Each structure stands twice: as structure tokens, then as C-alpha cells.
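Asks: Next up is a structure, given as C-alpha cells.
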Protein chains: 2
Amino acid sequence: MNYTNNIKNIKKYVNYSKRGMNLEQDINDTNTYYRNNNIALIYKKPTPITITKVDYPRRSAAKIKEAFFTTPSTLDYNGVYKGKYIDFDVKECKSLTSFPLSNIHNHQIECIKKVIEHKGISFLIIRVTKINENYLLFGEDIIHFIKNNIRKSIPISYIKEKGYLINIKYSPRLDYLKIVNKYMEENYGKI
Amino acid sequence: MNYTNNIKNIKKYVNYSKRGMNLEQDINDTNTYYRNNNIALIYKKPTPITITKVDYPRRSAAKIKEAFFTTPSTLDYNGVYKGKYIDFDVKECKSLTSFPLSNIHNHQIECIKKVIEHKGISFLIIRVTKINENYLLFGEDIIHFIKNNIRKSIPISYIKEKGYLINIKYSPRLDYLKIVNKYMEENYGKI
């Protein structure tokens, strides 16, 4: 079957995308809260696409006629909090026992390493969907795990031990900067 | 006239885009140099688009059938240098006497203000195309000018006085971080 849909109808065909949207939506709402309350400036990057055909009737009205989604080479979110560079991604995890590392692209792991190297702050926010628990796991702990294990998934027990539970609230939905703030105080002193 | 072109052929119909590409290409090359030499991690954000139609034959192969370019609400480039958040844009200027402020969207000016507020480093790299000179003008000086002037353009003399000339080299093409580094030393001490 091959059909052309309005974007509104796409979601029902892309189940995994819909799942992702919930956590993504919570993080987007949280970032809007941070921006509106002058706490931080953090954005989701636009989805990278490769454009192959453009209809160009006149200067002001270019219409893309054919394009494809491109695998992102960086993490989805970045921005600034108290002068520091923040770079992270969100991932949903269906299993109750482990988070498959295949959910993180190799170049995303490289990106985490690079951000740390350049003294930025990098992490993943992982939602264990079945119990609706959200954990922030810093890049250092992800890299440490990968370096010291041959397994292809991170046990949820490791995420619970090394990561930080983010409580779900009304507003902001997932106040992850509270954890980042603590991390900054421990690593750089009071800012 | 209404034609559908391969993306490779678009440039010749979009003169202003081609002009922009040269400075953009120089900055992209410079950022690649910075990344390859572990100096900084700075990327151009993907161009934001609004997707209106997607052809979705199966899970792994989504093809965008209709989409439009969206006005970006942030600056084009961001990343991390020595732990600090860097956020900037590049602009070409055809005039030898002044840089029209209409080249900077209002929300981009708001973005510069916000980045400074959150202690990030924000600037514009302006190329005066006729003499091929490139200046880095820090956000503070842009905001100061707008606050204290009713004119709708920044005189090139102001850019030359407050901004910093970036020499064009073979590699990196436009070593703008040299200027940022000096700024950081003056504002935060040796890092």
C-alpha cells in the first residue's frame, strides 16, 4: 500500500514515533517553561532532512516537493543554562529490565564523548514507559558503562543506580535542570 | 515560470542564496576544522521546515512530498567551546556604508539578548562582500547599537570600530574562535 497523507494522519502509521512524542512533548513543554521563566534557553533542533526536489515558482515561495529524513549526527536538544553548554537526547525504553544500546546511534555516543571533552554537559533522559519513570543518566556514566561492558544493553538497575529519577509534575513537566544544577554545583561549585 | 529542479540546480535561480553560501561554506569548513582538531564542537542547525505531506509506503521509508521552509526563530550556529555556550549567525552585507537591520529578524535579536542573559556568547559574523572583509560583532555591541539609535542600519564604521576583523586563511578559513578566546580571557579570565 502506498498513500499520501496529511501530516496529521501520519502518527497512526508510526507507532514508535507516537510513543516518542509523549516524552518529547513533555521535554518540549519543559523547555518552553524554562524559556518563559528565564531559567534556560534550550531548544529541540529541527529534524534534519535531505531535500532532493524543490518547486521554485518565485523568490518568496519555495516549495519542497521531495525530501527524506536524515539520521541525525548529533543529539536532539541543546542550549545554554547558566553559561554552560547543555546537549542531550530523550529515549523511551519498553523493557523493564534493560535499555538496548541499539537505541543510541554510534555517532550519538561519539557526540556525547565530544561534548564532555569540550566541557559541556551531556546526558540522556530515559523513560521506562511501562512504569512511566524518567531517569537522567549523565554522559560520563553512559561512556563508562560502554567502556567496561560487552553487553549490548544497559540494565535498568544500572540506570536506577547511576541515574537520577525526575519526578513528573504539572509544570514544568520534567524538571531535569534541577538535577543538572546539582551536578554543576558538585563539579564547578556554586554558579 | 514554474519548474521542479534537482537541488543541485537550485542555486543558479537563487542568487542571494548563492551569495550566502560562500560565507556559510567558509564557516562550515572552519567548524569542520575545529571539530577535526578537537578545538570546539560547533554545528549549523538543520534548516527548519514545515512538513505538510508525507508518502509513507512502509515503516523504514518515509518520503516527504510537500514541505515549506520555516523562518528560523534562533541563530543558525551553536555549540560548545571550552565549556561555554556559543550561538551565532552569519550575514552578508552588500553595502560598503551600512548593514541594514532588516537582515536580522526580530526574534533573532531577541535570541541574542536571551543568550547573553543566560551567560552564553553570541555574535554575528558579517561579510562586507564588495571588499571581502569579515567582521565579528559581539551581541552586546549589536544590542547596544539598537538601544541607542533610531537608524535602521548599522554603519560599517561602527562594525569596524566595535567589531573584530577576521583574517581569511587557508585553514581554518575564518578563525573566529581566536577572537572569542580573547573575549573569554577578558571576561572570565584564562580558561
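Asks: Determine whether the range B:106-122 contains at least one residue that is in a helix (DSSP H, G or I), touching a Ser or Thr at 6+ places or on another chain (Cβ under 9 Å), within 7 Å of chain A (Cβ to nearest Cβ) and buried (at least 22 other Cβ atoms within 10 Å of the Cβ).
Replies: Yes; the residues of the range B:106-122 include at least one that is in a helix (DSSP H, G or I), touching a Ser or Thr at 6+ places or on another chain (Cβ under 9 Å), within 7 Å of chain A (Cβ to nearest Cβ) and buried (at least 22 other Cβ atoms within 10 Å of the Cβ).
Asks: Test A:Ser95 against the criterion of being at pLDDT 85 or above, loosely packed, with under 15 Cβ neighbours inside 10 Å, among the small types (Gly, Ala, Ser) and in contact with a helix residue (DSSP H, G or I) (Cβ under 9 Å, 6 or more places away or on another chain), and give yes or no.
Replies: Yes: the conditions hold for A:Ser95.
Asks: Residues of the range B:123-133 being of a type in the set (Val, Ile, Thr), over 19 Å from B:Gln108 (Cβ atoms) and assigned to a strand (DSSP E or B), which ones?
Replies: B:Val128
Asks: Return the residue satisfying two criteria in turn: it lies in the range B:1-35 and is within 11 Å of chain A (Cβ to nearest Cβ) and at pLDDT 95 or above, and of such residues it is least open to solvent (accessible area, probe 1.4 Å).
Replies: Filtering first and then ranking leaves B:Tyr34.
Asks: Okay, moving on. Among all residue pairs at least 6 apart or on different chains, which show Cβ distances below 6 Å where the first residue, located in the range B:166-191, is open to solvent by 70 Å² or more (accessible area, probe 1.4 Å) and the second is of a type outside the set (Lys, Arg)?
Replies: Final answer for the pair search is B:Arg173/B:Asp26; B:Arg173/B:Asp29; B:Arg173/B:Thr30; B:Ile191/B:Met184.
Asks: Of everything in the range B:142-191, what is assigned to a helix (DSSP H, G or I) and closer than 23 Å to B:Lys82 by Cα? Give them in sequence order.
Replies: Selection gives B:Leu177, B:Lys178, B:Ile179, B:Val180, B:Asn181, B:Lys182, B:Tyr183, B:Met184, B:Glu185, B:Glu186, B:Asn187, B:Tyr188.
Asks: Can you tell me how many residues within the range B:82-99 are away from chain A (no Cβ under 13 Å) and assigned to a strand (DSSP E or B)?
Replies: Total meeting the criteria: 7.
Asks: If you don't mind, there's one more thing I want to ask. Quick one: in the range A:36-81, of everything that is of a type in the set (Ser, Thr, Tyr), assigned to a loop (DSSP other than H, G, I, E, B) and touching a helix residue (DSSP H, G or I) at 6+ places or on another chain (Cβ under 9 Å), which residue is farthest from the other protein chains (Cβ to nearest Cβ)?
Replies: Across the range A:36-81, the extreme among qualifying residues is A:Thr71.
The values are calculated or read from the model by the stated rules, or taken from the named source; none is laboratory data. Everything numeric here is computed off the predicted structure, so don't read it as measured data. Neighbour counts run over all protein chains shown; Cβ positions are idealised from the backbone, glycine included. Each accessible area value is taken on the protein alone, full model and side chains, heavy atoms only, with ligands, DNA and RNA left out. Shrake-Rupley method; radii C 1.70, N 1.55, O 1.52, S 1.80 Å.
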